[in-house]
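*Asks:* So that we are looking at the same thing, I have put the structure below in structure tokens.
The values are calculated or read from the model by the stated rules, or taken from the named source; none is laboratory data. These numbers come from a predicted model, not from an experiment. Note that each Cβ is placed from the backbone with ideal geometry, even for glycine, and that neighbours are counted across all protein chains shown.
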Amino acid sequence: MGKKWTHNESRKVYIGSAFDLSKRFSLYYSKNYLERNKSYINSAILLYGYSLFSLTILEYVDISNLSKEEAKNLF
């Protein structure tokens with residue numbers, strides 16, 4: 001899954017991917033995770049808050065019919 005966070009005021013963009021979409025989203029909404037795992041987007045969310053960002057799903061791939069190994073090879 002490809003995703004894009006955009007800071008609505010500066011228009012700066014962070015593009016990333018995740019193997020497990022639901023797990024990644026739950027981590028983005030965990031303050032402890034954001035504080036422990038410093039990255040550009042984590043630091044920006046902590047600094048500016050969620051309301052100044054928009055999130056766009058760039059690509060969603062249904063991996064339910066793939067083996068774990070096949071799914072990992074997609075990313």
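*Asks:* Give me a count of the residues in region 47-72 that are over 20 Å from Ile15 (Cβ atoms), surrounded by fewer than 10 Cβ atoms within 10 Å (Cβ to Cβ) and of a type outside the set (Gly, Ala, Ser).
*Replies:* Result for region 47-72: 4.
*Asks:* Also, quick follow-up: List every residue pair whose Cβ atoms sit under 6 Å apart, with the two residues 6 or more apart in sequence or on different chains, where the first one lies in region 48-75 and is under 22 Å from Lys31 (Cα atoms) and in contact (Cβ under 8 Å) with a residue 12 or more places away in the chain and the second, anywhere, is among the hydroxyl-bearing types (Ser, Thr, Tyr) and surrounded by 10 or more Cβ atoms within 10 Å (Cβ to Cβ).
*Replies:* Ser54/Thr6
*Asks:* A further question follows. Taking region 5-41, which residues are assigned to a strand (DSSP E or B) and in contact (Cβ under 8 Å) with a residue 40 or more places away in the chain?
*Replies:* Trp5, Thr6, His7, Ile15, Ser17
*Asks:* Starting from residues that are touching a helix residue (DSSP H, G or I) at 6+ places or on another chain (Cβ under 9 Å) and more than 9 Å from Met1 (Cα to Cα), keep the ones in region 53-63 and report whichever is modelled with the highest pLDDT.
*Replies:* Restricting to residues being touching a helix residue (DSSP H, G or I) at 6+ places or on another chain (Cβ under 9 Å) and more than 9 Å from Met1 (Cα to Cα), the top hit is Phe53.
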